[in-house]
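Q: Starting off with a structure, shown below.
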Amino acid sequence: MYQTKYHKPASVDEAVAALSSAEDGKVLGGGQTLLPTMKQHLAAPTDLVDLRGIAGMDAISAADGVLTIGAGARHADVAASATVREAIPALACLAGGIGDPAVRSMGTIGGSVANNDPAADYPAAVLGLGATVVTNSREIAADDFFEGMFSTALGEDEIITAIKFPIPSSAGYTKFPNPASRYAMVGVFVAQTGGGARVAVTGAGQDGVFRAEMMENALSSSFEAGALDGATVDSRGMLSDIHGTAEYRAHLVSVMAKRAVDSAV
Amino acid sequence: MTQIKMTVNGKSASADVPDNTLLSEFLRENLRLTGTHVGCDTSQCGACVVHVDGRAVKSCTVLAASLDGADVTTIEGVANGKELHPMQAAFKKHHGLQCGFCTPGMIMSGIDMVSRYQAEGQALTEDAIRHELEGNICRCTGYHNIVKAIEDAADQMSAPAQAAE
Ligand SMILES: Cc1cc2nc3c(=O)[nH]c(=O)nc-3n(C[C@H](O)[C@H](O)[C@H](O)COP(=O)(O)OP(=O)(O)OC[C@H]3O[C@@H](n4cnc5c(N)ncnc54)[C@H](O)[C@@H]3O)c2cc1C
Ligand code: FES
Ligand code: FES
């Protein structure tokens, strides 16, 4: 790993200041993506701004139909949180299925959402629940946040501070993990909300996470697996690689979507 | 450079480390605690797992500079003097190792999963053990004896807690 300068600010303002005065600064969340990337020399930030010294960044609370999870909440905290299990059990379950226990003890929701890996789990929940990404300077709707593979609406030096999830009447998430990496080959998050059904797909799309509209329409009329018969996604927008072809992934989306609806609580 | 002070296996350790020092490097090179192994260095194999503030983490994927004030336990810190930790004893009894390279990480992950499940009052089934071992790779054993060892150790580890009730 190349040399870098480590900072541990005590507030979001100090973190933003440290980032903006650095030549090429990067936020350090749980480090479970950034540090491996730095070790492979695929990233070489001059400065690392660790958010773990900021009090309250990992707070989890539910009020007025909204579950708020601080950006610094680790996957294991979200999986084990009684508040999350009560409000959106599918989200606790998703967090408990990310990577392995050691990754879950460090990796954070903010880091995962900021990174927008096309095979990551959290983006499916954020988009599938129509959540809001809260940053140091504004609030961004999920529909406007994810802009493509590893690309988001975040500006330079912008820090995610929390994610606000509207609590749905029911939701489910099912992923087909890649047998080697455990990342999603295809993961589908479904939610039944006041504004109709939402379906978000991760792992499969060439542009990262996306909403499956035909499936949303079918589920908005009837929120049951059978309603998805004949509702598909176009294989033309799907990833095709050594792990699976575009057609295979498109097929998996239908299968995972049905299982997600069946599992919804 | 960052000045850090942490507790490692109950003893205080302080040093001035370059900011890009990984915990695995700090343990092995500064403290000469070479029981923590580095198998892949790409965050996948789990040979480097240690406990930080009671949680299992991959020491090759944490900066030492970020751990000022942390409480770290490595494989060197789990035995009670000459008496093996029940997890170590169970690996020995069930032949849960061959070359032994993955073993420190397996033991640290094993202890972590047993404590977590016991704290939650959940049963650590064979299936759950296999699932929990997703981040620990072994090239030798085929895992069966590792799973048996963890199952057996879980029984041993619960014994004193029950006796105290
Ligand atoms: C072996 C292994 C298996 C994994 N399996 C899975 C899996 O199955 N599913 C899955 O979804 N993920 C998986 N991951 C990734 C893991 O979930 C990471 O924790 C996550 O992607 C990044 O979170 P982090 O907190 O570690 O972020 P970091 O690695 O610290 O940061 C990642 C990126 O986000 C930026 N960032 C971090 N926090 C913020 C913030 N608050 N605001 C703005 N930018 C920020 C950083 O600058 C960096 O660019 C795996 C990782 C490993 C090592
Ligand atoms: S050496 Fe750390 S996970 Fe392999
Ligand atoms: S015993 Fe050789 S790698 Fe596990």
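Q: Mind checking which aspartates and glutamates have their C-alpha under 12 Å from B:Lys92, skipping anything on the same chain fewer than 8 residues away?
A: Output for B:Lys92: B:Asp152.
Q: Here's something else I'd like to know. What is the magnitude of the charge dipole of the stretch B:76-161 about its Cα centre, with +1 placed on the Cβ of each Lys and Arg, -1 on the Cβ of each Asp and Glu, and no other charges, expressed in debye to the nearest 20? Numbers along the way, then the final one.
A: Numbers: 7 positive and 11 negative charges, 68 e Å.
With Lys and Arg at +1 and Asp and Glu at -1, about 320 debye.
Q: Could you give the distance between the Cα centres of the stretch A:93-134 and the stretch B:74-96, to the whole Å?
A: Their Cα centres are 35 Å away from one another.
Q: Hey, another quick one. How high is the relative contact order of chain A, given as a whole-number percent (alpha carbon pairs under 8 Å, six or more residues apart)?
A: 15 percent
Q: Follow-up. Under 8 Å for C-alpha pairs, at least 6 residues apart: give me the relative contact order for the stretch A:5-50, rounded to a whole percent.
A: 55 percent
Q: Let me ask you something else. When Cβ neighbours within 10 Å are restricted to other protein chains, what is their mean count per residue of peptide A:36-47?
A: 2
Q: If you average the alpha carbon positions of the stretch A:183-235 and of the stretch A:49-88, how far apart do those two centres end up, in angstrom?
A: Distance between centres, Cα-based: 26 Å.
Q: Based on Cα positions only, what radius of gyration and what Dmax would you give for chain B, in angstroms?
A: For chain B, the Cα radius of gyration and maximum Cα-Cα distance read 15.8, 48 Å.
Q: Based on alpha-carbon positions alone, could you give the equivalent ellipsoid semi-axes of the stretch A:164-245 from the gyration tensor, as √(5λ), descending, whole Å?
A: After diagonalising the Cα gyration tensor, the semi-axes are 24, 15, 11 Å.
Q: What longest range of chain A stays clear of loop-exposed GluC sites (Glu not before Pro) (DSSP non-H/G/I/E/B, at most 15 other C-beta within 10 angstrom)?
A: A:24-155
Q: All other residues with a Cβ under 13 Å from the Cβ of A:Gly195 taken together, and with Lys, Arg as +1 and Asp, Glu as -1, what is their net charge?
A: 0
Q: Now a separate question. Suppose every K and R has +1 on its Cβ and every D and E has -1 on its Cβ; what is the size of the dipole of the stretch B:2-77 about the Cα centre, in Debye to the nearest 20?
A: Using Cβ point charges on Lys, Arg, Asp and Glu, the stretch B:2-77 gives about 180 debye.
Q: I'm a student and want to see the number: the projected area of the Cα convex hull of the protein assembly as shown, averaged over all directions, in nm².
A: Working: hull surface 85.8 nm².
Its Cα hull, projected and averaged over all orientations, spans 21.5 nm².
Q: Whole number please: convex hull volume per residue, Cα atoms of the stretch A:63-145, in Å³.
A: Working: hull volume 7.7 nm³, N = 83.
Enclosed volume per residue, from the Cα hull, is 93 Å³.
Q: Would you work out which of A:Gly30, A:Leu48, A:Ala10 lies farthest towards the positive end of the dipole of the stretch A:5-50, given +1 charges on the beta-carbon of Lys and Arg and -1 on that of Asp and Glu, about the Cα centre?
A: So the residue we want is A:Gly30.
Q: A further question on this structure: Which entries in A:Lys26/B:Lys5; B:Lys5/B:Lys82; B:Lys82/B:Lys148; B:Lys11/B:Lys82 show an alpha-carbon gap greater than 21 Å?
A: Too far apart for the 21 Å limit: A:Lys26/B:Lys5; B:Lys5/B:Lys82; B:Lys82/B:Lys148.
Q: Still on this structure, please answer the following. When a/c reaches 1.5 or more, the comparison of a/b and b/c decides; with that in mind, is the stretch A:107-241 rounded, prolate or oblate per its Cα gyration tensor?
A: The shape class here is oblate.
Q: Right, something else. For a distance above 22 Å, tell me the whole-number percent of Cα pairs in the stretch B:2-77 that qualify.
A: Percent of Cα pairs beyond 22 Å in the stretch B:2-77: 10.
Q: With n ≥ 4 as the cut-off for DSSP H runs, can you work out [θ] at 222 nm for the protein assembly as shown, using -39500 (n - 2.57) per run divided by the number of residues, rounded to the nearest 500? Let's see the in-between values first.
A: Values: 15 runs with 138 residues, N = 430.
So the calculated ellipticity at 222 nm is -9000 deg cm²/dmol.
Q: Roughly how crowded by other chains is peptide B:33-42, in terms of the mean Cβ count from those chains within 10 Å of each of its Cβ atoms?
A: Numbers: counts 0, 0, 0, 0, 0, 0, 0, 1, 4, 3.
Mean shielding count: 1.
Q: Would you work out if the stretch A:138-178 is rounded, prolate or oblate? Take a ≥ b ≥ c from the square roots of the eigenvalues of the alpha-carbon gyration tensor; rounded if a/c is under 1.5, else prolate when a/b is larger than b/c, oblate otherwise.
A: On the way: a/c = 2.51, a/b = 1.38, b/c = 1.82.
Because a/c hits 1.5 or more and a/b fails to exceed b/c, the stretch A:138-178 counts as oblate.
Q: I've got another one for you. Taking the Cα centre of the stretch A:5-50 as the origin, how large is its charge dipole in debye, to the nearest 20, when only Lys and Arg (+1) and Asp and Glu (-1) carry charge on their Cβ atoms?
A: 220 debye
Q: On to the next question. Which order do A:Lys26, B:Lys93, B:Lys11, B:Lys82 fall in if you start with the one that has the fewest other Cβ atoms within 10 Å? Walk me through the numbers before you get to the answer.
A: On the way: A:Lys26 19, B:Lys93 14, B:Lys11 9, B:Lys82 5.
With the sparsest Cβ surroundings first, the list reads B:Lys82, B:Lys11, B:Lys93, A:Lys26.
Q: Report Rg (one decimal) and Dmax (nearest whole number) for the stretch B:86-160, counting Cα atoms only, units Å.
A: In order Rg, Dmax, the Cα atoms of the stretch B:86-160 give 11.2, 34 Å.
Values in this text are rule-based calculations from the coordinates and carry no lab data. Because the structure is a prediction, the values reported are computed rather than measured. All Cβ positions, glycine included, derive from the backbone under ideal geometry; neighbour counts span all protein chains shown.
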